[in-house]
1. Exactly one condition in (1) surrounded by 12 or more Cβ atoms within 10 Å (Cβ to Cβ); (2) more than 21 Å from Gly33 (Cα to Cα); (3) more than 16 Å from the chain's Cα centre (by Cα) is not met by Asp137; state its number.
2. Output the number of residues of segment 190-217 satisfying the condition of being closer than 22 Å to Thr152 by Cα and open to solvent by less than 30 Å² (accessible area, probe 1.4 Å).
3. For segment 72-104, give me the residue count where each residue is assigned to a loop (DSSP other than H, G, I, E, B) and at pLDDT below 65.
4. Can you tell me which of (1) surrounded by fewer than 20 Cβ atoms within 10 Å (Cβ to Cβ); (2) hydrophobic (A, V, I, L, M, F, W, C); (3) closer than 17 Å to Arg35 by Cα; (4) at pLDDT below 90 is the one Phe186 doesn't meet?
5. When you check Leu166 against the structure, is it under 19 Å from Gln111 (Cβ atoms) and either modelled with pLDDT of 95 or more or in contact with a strand residue (DSSP E or B) (Cβ under 6 Å, 6 or more places away or on another chain) (or both), yes or no?
6. Inspect all residues belonging to segment 116-124 and state whether any of them is over 30 Å from Lys29 (Cβ atoms), surrounded by fewer than 20 Cβ atoms within 10 Å (Cβ to Cβ) and of a type in the set (Val, Ile, Thr).
7. Out of all the residues in segment 206-240, which are in a loop (DSSP other than H, G, I, E, B) and at negative phi?
8. Of (1) open to solvent by 40 Å² or more (accessible area, probe 1.4 Å); (2) under 19 Å from Phe50 (Cβ atoms), Ala172 satisfies all except one. Which?
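The values are calculated or read from the model by the stated rules, or taken from the named source; none is laboratory data. From a predicted model like this one, the values you see are computed outputs, not experimental measurements. Cβ placement follows ideal geometry from the backbone for every residue including glycine, while neighbour counts extend to all protein chains displayed. When the accessible area is computed, the model is the full protein with side chains, heavy atoms only, and any ligands, DNA or RNA have been set aside. Shrake-Rupley method; radii C 1.70, N 1.55, O 1.52, S 1.80 Å.
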Amino acid sequence: MSQSILEFDRTFYSYPCTSRVAIHDLSLKIPAGKRCGLIGQNGCGKTTLFLLANGLYQPQQGIIRWEGEPFQNPEHQLVASTVEEDISYGLYNLGLPESEIAQQVKKAIEQFNLSELAREPIHNLSLGQKKRVSIADIMVLKPKLLLLDEPTAYLDPRHTKQLIGLLQQIHAAGTTILLASHDLDFIYRWADWVFVMDCGKLILEGTPEAVFAQRDVLEQLQLGVPLAIELIDQIKDLIDKNPNSKLPAFEELQQQILQTRRLL
């Protein structure tokens, strides 16, 4: 695995007025330059990990390191009245000259296909458009790491495809991405490295192939596996049950798999 950009070193976090530990002795390294997927059931600690990574919460024990040093980083949200103003917000906070801000905002609007929305009030945007603006807000600051918590949630297929295209551009430009999602099929196709969390702990990590090969562990966590893995396993089962026969024709194999899925 490559050098880590962000590291959790034996970190703990509990919310006030509760005895439940949200993050429990978590040690995790996000490899630089990778597309990282984070999966786990609701309540496993994913969102708390993101809040700690953003510097909004501080670990009660342990330490978080950015490129080897303790760090804190602000959260970026939609805070202005129009798309254009919102994208410029973080740049103004950096104290950049007006001319450079205007140039960077124009570049971000073009890159994220927001030209028709530049002067549109934020509250008029669709959910998919708001997510694009949120990512533009952050990427105009040229961060080394982008954290995304369920970015495809509630998006239709068209907006999901657009978002995936943006993520490809962002990663190709050199940004490390950590993305939490319940969509195992998406994580399997998209991620270079996968983390699995449960009860505030890291349970598994590795390449998608290595992680999703641990089917017994994933099923114990009630996560299941991606459809592609499930279909491959079903084909193997069909072959194992008929070791002396040839592989069925595609149509027959398809029907057998579909019939098997109806029984799941």
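1. Condition (2) is where Asp137 drops out.
2. Total meeting the criteria: 9.
3. Qualifying residue count for the region: 10.
4. With (1) surrounded by fewer than 20 Cβ atoms within 10 Å (Cβ to Cβ); (2) hydrophobic (A, V, I, L, M, F, W, C); (3) closer than 17 Å to Arg35 by Cα; (4) at pLDDT below 90 applied to Phe186, the lone miss is (4).
5. no
6. For segment 116-124, residues over 30 Å from Lys29 (Cβ atoms), surrounded by fewer than 20 Cβ atoms within 10 Å (Cβ to Cβ) and of a type in the set (Val, Ile, Thr): present.
7. Residues satisfying the conditions are Thr207, Ala213, Gln214, Leu221, Leu223, Val225, Pro226.
8. Against the list (1) open to solvent by 40 Å² or more (accessible area, probe 1.4 Å); (2) under 19 Å from Phe50 (Cβ atoms), Ala172 comes up short only on (2).
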